[in-house]
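The structure appears below as structure tokens.
The values are calculated or read from the model by the stated rules, or taken from the named source; none is laboratory data. Since the model is a prediction, treat every value here as computed from it, not as a measurement. Glycine also receives a Cβ, built like all others from the backbone with ideal geometry; neighbour counts cover every protein chain displayed.
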Amino acid sequence: MNEKILLEKIASKDEQAFQFFVEKYHQMVLNICNNILNNFDDAMDISQEVFIKIYESIESFRGESKITTWLYRISVNKSLNHLRSKKRQKWFSGMDIIFNSDNDKNIPEDVSPKPGENIEIEENKKALHLALNKLPKKQNIALTLNNFEGLTYKEIAEIMEISVTEVGVLINRGKKKLKTLLIDYFKNN
Amino acid sequence: MDCKRVKKLLPDFLELNLTEDLQQKVKTHIDSCEYCTKIYWNLKQSLDLLKPTAGIAEQAFYYERLKQKMENRLESKNSLLSVIFSKKLVQPVIYLSSIILAVYIGILIGSNNPSFTQYSEIEADENINPIETFAEYSYLNDYEIETIENLITESDDDN
């Protein structure tokens, strides 16, 4: 189905068109969210938020960029907002005791390798994601989109709404800092 | 070459950005130092993970779950009470009201508001002379308080 017609149908709240759209793109959205959040449950939740946002505001899509660029942009923004709200939640975590709810959310995530998995690879994966999360947000996003998603500088520039040169600078600086952070991690562990 | 210098040169060593001589020196050190070898291999393996991965496979029933979520949200939107009493709203309201209350009590205490002194032993009575009240509470007797007229007369006499 032509993308323009598909989007028009979604705008007119055609459920079948929306289902087709979700089934076509959910894997891509889920992956980008997971690469930024590094947590499957959160990625699942946020990817659904992305599709809800699209369903509610499809009219605002002007068609100037590719639909995938728009999807990437919303996914990145939603994931970053989620990370921010997670940080805020830490501030308000004391209030949860009063409300006596969702206490189990405060239990630290089990990052220990699962049985049968290569312990060393898992440890390196953990180190990589910790280091990525310590990078400035823009460097993290540029590196994630370039390395995990395999997007070109031009595509990243469109998603992040910055110039191609800026993307290059972000990626170079990010890689340099990432290496230093990784060395520090392995030195201390 | 010591470990500290190797650690500094390691990122460029990986990218082959060092001079031939330095590259060789770092390599020699890594080969002979167990500690630096471990860091080098861990760093190399971590950076190797920076590539497009197979990612998450297509999810069965994704659309059904999404649809369910959208319907649940619509239901909760329609229920005004659930919005009012949702934690998202109640929590900041409680925080805000306690801050406002604390500030208000502080202002009341600070401004010595009559409402706080109404039960004190000094009654708010317009007929009470403030000077007499001051004398009473300062353990002075009436003779120790001189009127302004007396003071003026005394100073005239002195002249």
Kindly provide the set of residues from segment B:48-65 that are more than 7 Å from every other protein chain (Cβ to nearest Cβ) and within 15 Å of A:Asn124 (Cα to Cα), ordered by number. B:Asp48
Which number in (1) touching a helix residue (DSSP H, G or I) at 6+ places or on another chain (Cβ under 8 Å); (2) within 12 Å of chain B (Cβ to nearest Cβ); (3) in contact (Cβ under 8 Å) with a residue 60 or more places away in the chain marks the one condition that A:Asn133 misses? (2)
Is at least one residue of segment A:111-134 modelled with pLDDT under 75, surrounded by 12 or more Cβ atoms within 10 Å (Cβ to Cβ) and either out of contact with any Ser or Thr (no Cβ under 8 Å at 6 or more places or on another chain) or part of a loop (DSSP other than H, G, I, E, B) (or both)? yes
If A:Gln139 meets every condition in (1) surrounded by 12 or more Cβ atoms within 10 Å (Cβ to Cβ); (2) closer than 27 Å to B:Arg65 by Cβ; (3) at pLDDT 90 or above apart from one, which number is that one? (2)
Return the residue satisfying two criteria in turn: it lies in segment A:173-189 and is farther than 13 Å from B:Leu10 by Cβ and of a type in the set (S, T, N, Q), and of such residues it is surrounded by the fewest Cβ atoms within 10 Å (Cβ to Cβ). A:Asn188
Which residue is farthest from B:Gln59 (Cα to Cα), if the candidates are limited to segment A:16-60 and must be of a type in the set (Ser, Thr, Tyr) and more than 9 Å from every other protein chain (Cβ to nearest Cβ)? A:Ser60
